[in-house]
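Undergrad: Shown below is the structure under consideration.
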Amino acid sequence: MTILITGGSGFIGSALINHLMHTTKETIVNLDALTYAANQQALKHHESSSRYHFIKGDIQDKNLLRNIFTQFKPSAIMHLAAESHVDRSIESAIPFLQTNVVGTVMLLTVALNYWGKLNALEKESFRFHHVSTDEVYGTLGEEGLFSEETPYDPRSPYSASKAASDHFVNAFYHTYGLPILITNCSNNYGPNQFPEKLIPLTILKCLKNESIPVYGKGENIRDWLHVEDHVKGLTSVLKSGQVGEKYNIGGDSQRRNIDVVKLICKLMNDKCPRNAGNYEDLIQFVKDRPGHDARYAVDHQKITSELKWNPHIIFDDGISKTIDWYLENKEWLFSNSKALSDGYQVETKK
Ligand code: NAD
Ligand code: DAU
């Protein structure tokens, strides 16, 4: 079986490819535009494998997509390519519209055309798996969880673009019968995450002895899931999920941002003591993110009961190991942080 993975050089995509390369015999085709967020180092060791193919390109490029389908004849697509950072979407929504909406519709269109020409057996087993986010559901008050039935209520340009892409994926199922799956996951953490996101950014700021920006009062809550647990959920859904269905994936680990940042500071004090003082002294409460969603929390009963998936990595352990990884990969962390100071242009790497 050949799986086409879009955005495979990103944080979650690279963890997914590593997992599939290690645990299956599938051939993997990774289509990635190599934007600022891509990380080629994470997949370098697969470059010599005959089961791994990398193609640099944009999911909006129809001709390229057609050629990839013709050449590799995938039996599944796992679609992760996206602009993924909320703050960037607030800065400029257009790249989010282009990649997350137009790119997804382009991929759906070419996939549908390809799927339409398969024989009955191949048609039956083909899957288009769209990897989405819990942010499409909007924000929660003090009580409750997002279930698969929660109405969509996206509130940032990023989540609006992901919600739109989910709707298009559903539309291709209902209108044309394309066999789709959608997963909506909570906040991921782990190795290889681009240091614009809260956890790697906090580690980076500690190492640079710079102030750690906490938005508002730091009371917003996220439901954290280790990326390795996420990719196991993704492969379970691809293998055994019901066509046309969506599955929520969550970590059972709701934490206030300020508590996450303080935990990182505490662990950093032990692992890599600051020359003078405590890393907590670097915390700085800054202007809040506009439209900042108060709380995300995911009810993952459906995937747990149907597919026996559960999160396994306990947050405090996962964070400690994640910090170890960044400390062992400081060079990677610092070189990627350069793209932060370059501003929010979406430029591809050479
Ligand atoms: P990321 O930003 O780390 O990686 C995105 C990848 O997509 C990069 O390698 C980039 O080069 C590639 N890409 C961007 N635009 C492209 C285009 N036009 N054509 C081809 N490739 C392109 O993102 P991530 O955190 O790994 O997220 C992956 C997916 O999972 C996204 O769809 C995101 O919405 C979703 N998601 C992320 C999280 C999270 O916490 N990070 C949680 C739930 C869902
Ligand atoms: O819920 C899933 C989503 O999680 C994914 O779909 C997104 O791709 C991913 O980026 C993430 O979105 P968030 O906005 O929740 O992640 P981020 O790491 O940007 O922020 C986490 C929380 O920390 C959020 O409440 C904002 C806050 N924050 C973030 C940054 C970058 C700060 O307080 N300071 C910061 O500097």
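Undergrad: Restricting to the range 19-28, name every residue that is within 15 Å of ligand 1 (Cβ to nearest atom) and surrounded by fewer than 21 Cβ atoms within 10 Å (Cβ to Cβ).
TA: The one that is within 15 Å of ligand 1 (Cβ to nearest atom) and surrounded by fewer than 21 Cβ atoms within 10 Å (Cβ to Cβ): His19.
Undergrad: For the range 305-322, what are the residues that are in a helix (DSSP H, G or I) and either over 19 Å from the mean Cα position of the chain (by Cα) or free of Cβ contacts under 8 Å to residues at least 12 places away in the same chain (or both)? Give the steps one after another, and end with the answer.
TA: Of all residues in the range 305-322, those in a helix (DSSP H, G or I) come to 305-307, 315-322.
If the condition is that a residue be in a helix (DSSP H, G or I) and either over 19 Å from the mean Cα position of the chain (by Cα) or free of Cβ contacts under 8 Å to residues at least 12 places away in the same chain (or both), then Ser305, Glu306, Leu307, Asp316, Asp317, Ser320, Lys321 are the ones that fit.
Undergrad: Then there is this: Please count how many residues of the range 199-232 are within 14 Å of ligand 1 (Cβ to nearest atom) and open to solvent by 10 Å² or more (accessible area, probe 1.4 Å). Full working, then the answer.
TA: Step one: of the range 199-232, the residues within 14 Å of ligand 1 (Cβ to nearest atom) are 199-201, 222-231.
Now drop any that are not open to solvent by 10 Å² or more (accessible area, probe 1.4 Å), which leaves 201, 222, 224, 226, 228.
Going through the range 199-232 one residue at a time, the tally reaches 5.
Undergrad: Is the range 233-245 home to any residue that is near ligand 1 (Cβ under 10 Å from one of its atoms), touching a residue at least 40 places away in the same chain (Cβ under 8 Å) and under 21 Å from the mean Cα position of the chain (by Cα)? Reasoning before the result, please.
TA: Here is the first cut: in the range 233-245, the ones near ligand 1 (Cβ under 10 Å from one of its atoms) are 234.
Among the residues that remain, those that are also touching a residue at least 40 places away in the same chain (Cβ under 8 Å) are: 234.
Cutting the leftovers down to under 21 Å from the mean Cα position of the chain (by Cα) gives us 234.
Yes, the range 233-245 has at least one match.
Undergrad: A further question on this structure: Which one of these is open to solvent by 40 Å² or more (accessible area, probe 1.4 Å), part of a loop (DSSP other than H, G, I, E, B) and free of Cβ contacts under 8 Å to residues at least 12 places away in the same chain: Ser48, Ser84?
TA: Values: Ser84 fails: free of Cβ contacts under 8 Å to residues at least 12 places away in the same chain.
The unique qualifying residue is Ser48.
Undergrad: Can I ask one more? If I go through the range 255-298 residue by residue, how many of them are of a type in the set (Gly, Ala, Ser) and closer than 29 Å to Glu142 by Cα?
TA: Step one: of the range 255-298, the residues of a type in the set (Gly, Ala, Ser) are 276-277, 291, 294, 297.
Now restrict to residues that are closer than 29 Å to Glu142 by Cα: 291, 294, 297.
Total meeting the criteria: 3.
Undergrad: Picking from Val131, Val136, which residue would you name as being part of a helix (DSSP H, G or I) and either within 19 Å of Ala81 (Cβ to Cβ) or of a type in the set (Asp, Glu) (or both)? Steps first, please.
TA: Details: Val131 fails: part of a helix (DSSP H, G or I).
Val136 is the lone residue from the list that is part of a helix (DSSP H, G or I) and either within 19 Å of Ala81 (Cβ to Cβ) or of a type in the set (Asp, Glu) (or both).
Undergrad: On the given criteria, is Val105 within 15 Å of ligand 1 (Cβ to nearest atom) and crowded, with 22+ Cβ neighbours inside 10 Å? If you could, list the steps in order and put the result at the bottom.
TA: On the way: within 15 Å of ligand 1 (Cβ to nearest atom): yes; crowded, with 22+ Cβ neighbours inside 10 Å: no.
Here the answer is no, as Val105 does not meet what is asked.
Undergrad: Would you mind stating whether Lys62 is out of contact with any Phe, Trp or Tyr (no Cβ under 8 Å at 6 or more places or on another chain), away from ligand 2 (no atom under 16 Å from the Cβ) and open to solvent by 60 Å² or more (accessible area, probe 1.4 Å)?
TA: Taking the combined requirement at face value, the residue satisfies it.
Undergrad: Among the residues of the range 296-308, is there at least one that is open to solvent by less than 30 Å² (accessible area, probe 1.4 Å), touching a strand residue (DSSP E or B) at 6+ places or on another chain (Cβ under 6 Å) and of a type in the set (Lys, Arg)?
TA: no
Undergrad: Just give me the residues in the range 119-155 being more than 18 Å from Asp223 (Cα to Cα), under 21 Å from the mean Cα position of the chain (by Cα) and open to solvent by less than 20 Å² (accessible area, probe 1.4 Å), in sequence order.
TA: Those that are more than 18 Å from Asp223 (Cα to Cα), under 21 Å from the mean Cα position of the chain (by Cα) and open to solvent by less than 20 Å² (accessible area, probe 1.4 Å): Phe128, His129, His130.
Undergrad: In addition: Looking at the range 160-189, which of its residues are among the hydroxyl-bearing types (Ser, Thr, Tyr) and either more than 11 Å from ligand 1 (Cβ to nearest atom) or open to solvent by 30 Å² or more (accessible area, probe 1.4 Å) (or both)?
TA: Applying the first criterion (among the hydroxyl-bearing types (Ser, Thr, Tyr)) to the range 160-189 yields 161, 165, 173, 175-176, 183, 186, 189.
Matches in the range 160-189: Tyr173, Thr175, Tyr176.
Undergrad: Oh, and also: Determine if the range 99-112 includes at least one residue that is of a type outside the set (Ser, Thr, Tyr), in a loop (DSSP other than H, G, I, E, B) and at pLDDT 95 or above. Before the answer, list the steps.
TA: So the first thing to find is which residues in the range 99-112 are of a type outside the set (Ser, Thr, Tyr), and the list is 100-103, 105-108, 110-112.
From what's left, in a loop (DSSP other than H, G, I, E, B): none.
No, because not a single residue in the range 99-112 is of a type outside the set (Ser, Thr, Tyr), in a loop (DSSP other than H, G, I, E, B) and at pLDDT 95 or above.
Undergrad: Residues being more than 10 Å from ligand 2 (Cβ to nearest atom) and in contact with a strand residue (DSSP E or B) (Cβ under 6 Å, 6 or more places away or on another chain): count how many of those fall in the range 256-282. Show your work before the answer.
TA: First pass over the range 256-282, keeping only residues more than 10 Å from ligand 2 (Cβ to nearest atom): 259, 262-282.
Right, trim to in contact with a strand residue (DSSP E or B) (Cβ under 6 Å, 6 or more places away or on another chain) and you get 282.
Count: 1.
Undergrad: Any residue that is near ligand 1 (Cβ under 8 Å from one of its atoms), in a strand (DSSP E or B) and in contact with a Ser or Thr (Cβ under 8 Å, 6 or more places away or on another chain) - is there at least one of those in the range 59-74?
TA: Looking through the range 59-74, none of the residues is near ligand 1 (Cβ under 8 Å from one of its atoms), in a strand (DSSP E or B) and in contact with a Ser or Thr (Cβ under 8 Å, 6 or more places away or on another chain).
Undergrad: A further question on this structure: I need a count of the residues in the range 172-226 that are outside any loop (DSSP other than H, G, I, E, B) and among the basic types (Lys, Arg). Please lay out each step first, then the result.
TA: Just the residues of the range 172-226 that are outside any loop (DSSP other than H, G, I, E, B), to begin with: 172-176, 180-185, 187-189, 198-208, 212-215, 221-226.
Going one step further and asking which of them are among the basic types (Lys, Arg), we end up with 205, 208, 222.
Of the residues in the range 172-226, 3 are outside any loop (DSSP other than H, G, I, E, B) and among the basic types (Lys, Arg).
Undergrad: OK, next. Which one of Ser305, Ser320, Ser341 is modelled with pLDDT under 95 and either over 23 Å from Lys208 (Cβ atoms) or out of contact with any Pro (no Cβ under 9 Å at 6 or more places or on another chain) (or both)?
TA: Criteria check complete, one pass: Ser341.
Undergrad: Check Asn192 against each of (1) more than 12 Å from ligand 2 (Cβ to nearest atom); (2) open to solvent by 40 Å² or more (accessible area, probe 1.4 Å); (3) within 30 Å of Arg274 (Cβ to Cβ); (4) not hydroxyl-bearing (Ser, Thr, Tyr) and name the one condition it does not meet.
TA: (2) is the only condition that Asn192 fails.
The values are calculated or read from the model by the stated rules, or taken from the named source; none is laboratory data. Here the structure is a predicted model, which is why all the values come from computation and not from measurement. As a convention, Cβ positions derive from the backbone with ideal geometry for all residues, glycine included, and neighbour counts pool all protein chains shown. The protein model used for the area step is the full one, side chains on, heavy atoms only, and it has no ligands, DNA or RNA in it. Shrake-Rupley method; radii C 1.70, N 1.55, O 1.52, S 1.80 Å.
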